[in-house]
Amino acid sequence: MDMTSFFLPGLVITWFRTLWFVPLYALGALVLPALLWLVLKLGFPKIAAIAENTAKSVFQQPVFTVLVIIGVMAVLIFPFIPYNTLGEDVKILKSQGLTLIKVLGILLAVWSAGTSVSEEIEEKTALTLLSKPISRRQLVLGKFFGIVLGVALFFIIVSTVFMPTCAYKVVYDARETCNVEPESSACLESMITIIPGLSLSFMEVVMMTAIAVALSTRLPMVPNMTICVSIYALGHLIPLMVKSAIGQFAIVGFVGNFLAAILPVLSYYSLEAAVAGGAPISLEYLLWAALYAVLYSTVAMFVALILFEDRDLA
């Protein structure tokens, strides 16, 4: 007799057999930030040095620890919350978890931009850095990439905990509803299907990071956070504004199209409901979304460089 099956219930064994995927996901998720740091280190050593120091400051901030604890505790509690959805609890869990990780990541990015850029400008720390052989462009780009690395680590930590909770929710619901015992492949599929949602959420956070860094070159933290929250809300409402104006309110359509031209259309990245429902997200869609995120972040960083170029630091 298998000693594992003697001490553990069958459903828990089914869940336990899928946990090999969690460290594999964590290692795979670390590849992207590691490659980014390596490219900066080899091609742009000064930017890499600033990014490394910025990332360390993000890790050392109390808000980083607080947000990680909030995220981890929340995703650990979610599986045990009765959603009363008649068998759709797993979908609600995935949707809530993806939204929570994304929102916490944006909060971390905006907060880090405020402390790493605007506060250093106000406290004249940036002037000290620029007295060294470092240009303003290198400083801003280094801050941006450093914050992105910090947010990436936050995503990896919380999502690595979120993965097994999605798998456990499958067996937990089967036990609570007295349904047929699920196979381990169902638990594994529950984890794999959220990876596209996590990728889109991270792309959205990267765009918001670029916006926050651009604003922080001119504004302190509180106005920066207020504007970022407004942009986040409008970025999700733009498609609704455009659709609601078709054949009815031309002015609403004009405003919607104008906002779509200058603000990121974040609704393209908010597919939590589709991911939770098991709808497939193609690789082509992810690549186009990544291209849009890169282009918009690049434009936002150009704006940041322009705003910071003539900023009086004395």
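The solvent-accessible area of I211, taken with every protein chain present and a 1.4 Å probe, is close to 20 Å².
Charge tally for E272 (other residues, Cβ to Cβ under 12 Å; Lys, Arg +1; Asp, Glu -1): +2. Here segment 183-198 and segment 200-233 have alpha carbon centers that stand 31 Å from each other.
Go through Y285, Y269, Y172 and list them by solvent-accessible area, largest first, probe radius 1.4 Å. If you can, show how the numbers build up before the last one.
Numbers: Y285 85, Y269 5, Y172 35 Å².
Largest accessible area first, the list is Y285, Y172, Y269.
The mean accessible area for residues of segment 41-99, using a 1.4 Å probe and ignoring ligands and nucleic acids, is 54 Å² per residue. Applying the criteria of a DSSP loop state and at most 12 other Cβ atoms within 10 Å to the chymotrypsin sites (Phe, Trp or Tyr not before Pro) of segment 17-71 yields W20. The residues neighbouring F59, those whose beta-carbon lies less than 15 Å from its own, together hold a net charge of +1 under the Lys/Arg +1, Asp/Glu -1 convention.
Are any of the pairs K56/K169; K41/K132; K56/K132; K94/K143 more than 29 Å apart by Cα-Cα distance, and if so, which? From the list (K56/K169; K41/K132; K56/K132; K94/K143), the Cα-Cα distance tops 29 Å for K56/K169; K94/K143. Rounded to the nearest 10 square angstrom, V148 shows an accessible area of 20 square angstrom against a 1.4 Å probe.
Tally Lys and Arg at +1 and Asp and Glu at -1 over the other residues with C-beta under 15 Å from the C-beta of L108: what net charge comes out? Working shown, then result.
Numbers: positive: K56, K102, K143; negative: E204.
Cβ neighbours under 15 Å give a net charge of +2.
The values are calculated or read from the model by the stated rules, or taken from the named source; none is laboratory data. In this text, all values refer to a predicted model and were calculated from it rather than measured experimentally. For neighbour counting, all protein chains shown are included, and Cβ atoms are generated from backbone atoms with ideal geometry for every residue, glycine included. The protein model used for the area step is the full one, side chains on, heavy atoms only, and it has no ligands, DNA or RNA in it. Shrake-Rupley method; radii C 1.70, N 1.55, O 1.52, S 1.80 Å.
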